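This report refers to the structure that appears directly beneath it.
The values are calculated or read from the model by the stated rules, or taken from the named source; none is laboratory data. A quick note: this is a predicted structure, and the numbers were derived from the prediction, not measured. No Cβ is skipped: glycine too gets one built from the backbone with ideal geometry, and neighbour counts run over all protein chains shown.
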Amino acid sequence: MNLSDIRFPRKLESNNIAETIRQALMARTVKLWPGGSLDVSIITMSDPLKKVLQKARLKGQIRFGFEAIVDKLESERKGIANVRNRHATPYGDRVSRLLLFSNNGAERLYRHLEQLLLANAPRLLGCLLDIDGIALGNMITGKDRQIKVVMAEHKEAVADILRAIIAGQA
């Protein structure tokens, strides 16, 4: 996925901050794993981002755990295919899900994440957080729990997280 071509939720596009977000995402990128083909943005864990993730967790707008995320995306993909078969309207051409992952995963996890991101593009955008899984789990749940992958599955949460990314750079 080319970051310069990303179409964000309409809420962000209409507020004219989409280009600022796009530039922030393109500022620091890395290959997801050494043999991979996908570049992902590296995101600094800031106070605004922490607050937005905690708020999204309380509102039930994020899901964590690789298997749970895969199941949810597969279910949604089937639903989108059904809609496309019944209607000739474009669907799913914007980022509507955001996949955030810790910086201490094994190469195998990152290979699987790359496959997931490619299979669900362009509606799923992935970003590498500069935080390890234990700190991410503690920050989101308030408990000593390791979480390596989080998906924002509501467009409001996606928009809030993307706004928090640029707020954390100021």
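Things to note:
- The selection criterion, being outside any loop (DSSP other than H, G, I, E, B), modelled with pLDDT under 95 and either under 18 Å from ASP132 (Cα atoms) or in contact with a strand residue (DSSP E or B) (Cβ under 9 Å, 6 or more places away or on another chain) (or both), holds for GLU76.
- Within the stretch 16-54, the set of residues being outside any helix (DSSP H, G or I), touching a Lys or Arg at 6+ places or on another chain (Cβ under 9 Å) and of a type outside the set (Phe, Trp, Tyr) comprises ILE17, LEU32, GLY35, GLY36, SER37, LEU38, ASP39, VAL40, SER41, ILE42, ILE43, THR44.
- Close pairs from the stretch 13-27: first over 20 Å from ASP93 (Cβ atoms), partner outside any helix (DSSP H, G or I) and of a type outside the set (Asp, Glu), Cβ under 7 Å, at least 6 apart: ALA24/GLN169
- Of all the criteria given as (1) part of a loop (DSSP other than H, G, I, E, B); (2) at pLDDT 95 or above; (3) crowded, with 19+ Cβ neighbours inside 10 Å, the one not satisfied by VAL95 is (2).
- All of (1) in contact with a helix residue (DSSP H, G or I) (Cβ under 7 Å, 6 or more places away or on another chain); (2) surrounded by fewer than 17 Cβ atoms within 10 Å (Cβ to Cβ); (3) closer than 14 Å to LEU113 by Cβ hold for GLN54 with one exception: (3).
- Contacts under 9 angstrom Cβ, first residue in the stretch 68-82 being under 20 Å from HIS112 (Cβ atoms), partner modelled with pLDDT of 95 or more and in a helix (DSSP H, G or I), 6 or more apart: ILE69/LEU116; VAL70/HIS112; VAL70/LEU116; LEU73/LEU116
- Residue selected from the stretch 104-134 under the condition under 15 Å from THR44 (Cα atoms) and touching a residue at least 60 places away in the same chain (Cβ under 8 Å), by the criterion surrounded by the most Cβ atoms within 10 Å (Cβ to Cβ): GLY126
- Annotation: of all residues in the stretch 140-155 being outside any loop (DSSP other than H, G, I, E, B) and at pLDDT below 95, the one that is farthest from ALA106 (Cα to Cα) is LYS155.
- When we screen ALA88, ALA81 for residues that are at pLDDT below 95, out of contact with any Gly (no Cβ under 6 Å at 6 or more places or on another chain) and assigned to a loop (DSSP other than H, G, I, E, B), the only hit is ALA88.
- Of all residues in the stretch 48-65, those that are closer than 16 Å to GLN146 by Cα and modelled with pLDDT of 95 or more have Cβ atoms under 7 Å from Cβ atoms of residues that are among the small types (Gly, Ala, Ser) and buried (at least 19 other Cβ atoms within 10 Å of the Cβ), 6 or more apart or on another chain, in ILE62/ALA56; ILE62/ALA152; ILE62/ALA157.
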